Every structure is written in C-alpha cells, then in structure tokens.
C-alpha cells in the first residue's frame, strides 16, 4: 500500500497496515471482533463516551482485507441483524381518538412532556409513530431521546431526537466548523427525526409551543442519559408536504436546502425530494463549543 487512505477521519498508510499484519500474526486465535478491540485499544480509537470504536474498526479491517492489504481470519459466525428482524410496533391498547379542539392557553396547565426513552412508555411511543406518522417508525441509530406529550394522561404528540447526519453542507457552513472539528464534535448536535401531532388534535400554536419547551430541556436530558450536552438542534422539512411553520414560529433558522441526492448517491443525480435544512442553536456561544478542539464540554 503506497498511498494513505482516510477512513472516518483516520489516516491509514503503510505503517498502519504493517501494524495490523503484525497484530493479526501475534493473535492467531483471536476473532475478528477481538482483533478490532485490540486495534482500538492500541490506537486509542474511542467514541465520545469512551467506548471503543470496534464496529467501525471492523469495517475498516474488512475493507483492507477485501483489498488484499491484510488477511483476516475466517468469520466464526454470521451475526443476526436485529433491525432486519425487528417487528413493527403494534398498538396494544385502545387510544382515545375523540377530537381535541381547544385554545393552547386553556390546555397549557394540563400539558406534560415526558422523556420516554428506556421507560415502559417507549413501546407506546413507537406504536403511535408507526401508526400515525406518514413515515412510520424507524429505530434510531446511535444516541437518541423520545418525548411523549400528554394532556393530563392522554398522549397528544410524539417527538424523537437522534444522532445527526454525518455531513450536511448547509449546516456545516452555518456552524463554520472544519471537517476535523465536525468529526470530533458531531455528537453535540441532536436531529429531530420524527414529530407527530396526533391527527385528532387541533390546537393552534401547540406544535411551536412543544418545540420551545423541549428546546429548554433537551440538553440536560441528553446529559443525563449520555453524559454530555447538546448545543444545536436540526431537522429537515419536506417542502412538498409541509411549510415548516411551527419551526419558524419557534425561531428555528433556515440554513439551506438538501441536494436531493441522498447519502448513497454515486451518480450525482437528484433522486429524492429536496428538503429545507433548519437549525436551532441552544446557546448564543454554540459555535465556540462546536468549533473548538479537544473533548472538554461545559
């Protein structure tokens, strides 16, 4: 291997290839999983929460194996993909669908926002999104939170937040970070992946009110679950379907538009609908936190 390649921000050249070959030779009984853990420990290749990047490392080693640069041991098993066999969420209880038509000021004292990730209410959240959101339910990948909004004890809305897209031109230009700081600090963003107001709820200004309330608490909720805050929120709005009025009413900023090519595009052709990219800084000094080097967070 004469030229270095870049994989997830890590430079892989002749020296690294030689290290991998030597490590494989020194551990002839090790599985591919164990080898990836040894590599991560040696390179101190870790996620923001300190966990080893072993899955990413296995992808790198498989890439190098297929290119003939290293020779991995045969796989010992074919792991089951739990996402491929995941059952679609099912509503296991009757939901009160009687219309709610009211003014926000009258309902506000009864509104309650609950973070239901890793709680007994998460199953109901998943089922509501599956049955009543036009995109259905998709299990978020990576760090994520799920909020259920209740009127007294009755669900009226759901909102999920997950790890953001790896690269998004309009957002990256708006923040002004370098590729290196983006790779380092991307976990300090949260992406609004689903927002559902249940179809029998007609309360003017409710959607923007919920956005504002969650913006006040999401960073501390993220800190509680994942041991770090978030400083910036983002989402996409499919303008063929929606105008994004509730986001604009909650002071979200239009930072640009997607290209419509998707993350798997290789032919540089528009195959998807273009979407508005909206952002919401949680602090006035969000750029200082997102563009700095190092892992220290306040």
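Condition (residue is in contact (Cβ under 8 Å) with a residue 12 or more places away in the chain and either in a loop (DSSP other than H, G, I, E, B) or more than 30 Å from residue 17 (Cα to Cα) (or both)) applied to segment 58-65: is it met by at least one residue?
Within segment 58-65 (the criterion being in contact (Cβ under 8 Å) with a residue 12 or more places away in the chain and either in a loop (DSSP other than H, G, I, E, B) or more than 30 Å from residue 17 (Cα to Cα) (or both)), the answer is no, since none of the residues qualifies.
Here is a list: 127, 157. Which entry is over 30 Å from residue 231 (Cβ atoms) and either touching a strand residue (DSSP E or B) at 6+ places or on another chain (Cβ under 9 Å) or surrounded by 15 or more Cβ atoms within 10 Å (Cβ to Cβ) (or both)?
Step by step, each of 127, 157 is checked, and only 127 is over 30 Å from residue 231 (Cβ atoms) and either touching a strand residue (DSSP E or B) at 6+ places or on another chain (Cβ under 9 Å) or surrounded by 15 or more Cβ atoms within 10 Å (Cβ to Cβ) (or both).
Kindly indicate whether residue 77 is surrounded by fewer than 11 Cβ atoms within 10 Å (Cβ to Cβ), farther than 25 Å from residue 196 by Cα and out of contact with any strand residue (DSSP E or B) (no Cβ under 8 Å at 6 or more places or on another chain).
Taking the combined requirement at face value, the residue satisfies it.
What single numbered condition from (1) under 29 Å from the mean Cα position of the chain (by Cα); (2) modelled with pLDDT of 90 or more fails to hold for residue 28?
Just one mismatch for residue 28, condition (1).
Please determine, by comparing only the residues of segment 111-124 that are within 13 Å of residue 155 (Cβ to Cβ) and touching a residue at least 40 places away in the same chain (Cβ under 8 Å), which one is surrounded by the fewest Cβ atoms within 10 Å (Cβ to Cβ).
Filtering segment 111-124 for residues that are within 13 Å of residue 155 (Cβ to Cβ) and touching a residue at least 40 places away in the same chain (Cβ under 8 Å), the one surrounded by the fewest Cβ atoms within 10 Å (Cβ to Cβ) comes out as 112.
Here's a check for you: in segment 188-217, which residue that is part of a strand (DSSP E or B) and out of contact with any helix residue (DSSP H, G or I) (no Cβ under 9 Å at 6 or more places or on another chain) is farthest from residue 140 (Cα to Cα)?
Ranking the qualifying residues of segment 188-217, first place goes to 202.
Go through segment 219-252 and give me each residue that's buried (at least 16 other Cβ atoms within 10 Å of the Cβ) and touching a strand residue (DSSP E or B) at 6+ places or on another chain (Cβ under 6 Å).
Result: 221, 230, 232, 233, 234, 235, 236, 237, 244, 247, 252.
Go through 4, 30, 25, 48 for me and flag whichever is in contact (Cβ under 8 Å) with a residue 60 or more places away in the chain and surrounded by fewer than 18 Cβ atoms within 10 Å (Cβ to Cβ).
Answer to the selection: 48.
Among the numbered conditions (1) touching a strand residue (DSSP E or B) at 6+ places or on another chain (Cβ under 7 Å); (2) within 22 Å of residue 179 (Cβ to Cβ), tell me where residue 7 comes up short.
All conditions pass for residue 7, except number (1).
Go through (1) surrounded by 16 or more Cβ atoms within 10 Å (Cβ to Cβ); (2) under 30 Å from residue 223 (Cα atoms); (3) out of contact with any helix residue (DSSP H, G or I) (no Cβ under 6 Å at 6 or more places or on another chain) and name the single condition residue 59 misses.
Among (1) surrounded by 16 or more Cβ atoms within 10 Å (Cβ to Cβ); (2) under 30 Å from residue 223 (Cα atoms); (3) out of contact with any helix residue (DSSP H, G or I) (no Cβ under 6 Å at 6 or more places or on another chain), residue 59 violates only (1).
Is there a residue in segment 132-141 that is over 19 Å from residue 233 (Cβ atoms) and surrounded by fewer than 11 Cβ atoms within 10 Å (Cβ to Cβ)?
Yes, segment 132-141 has at least one match.
For the list (1) under 30 Å from residue 147 (Cα atoms); (2) assigned to a helix (DSSP H, G or I), I need the number of the one condition that residue 25 fails.
(1)
The values are calculated or read from the model by the stated rules, or taken from the named source; none is laboratory data. Please read all numbers here as calculations on a predicted model, not as lab measurements. Cβ sites come from the backbone with ideal geometry, for glycine too, and all protein chains shown count toward neighbours.
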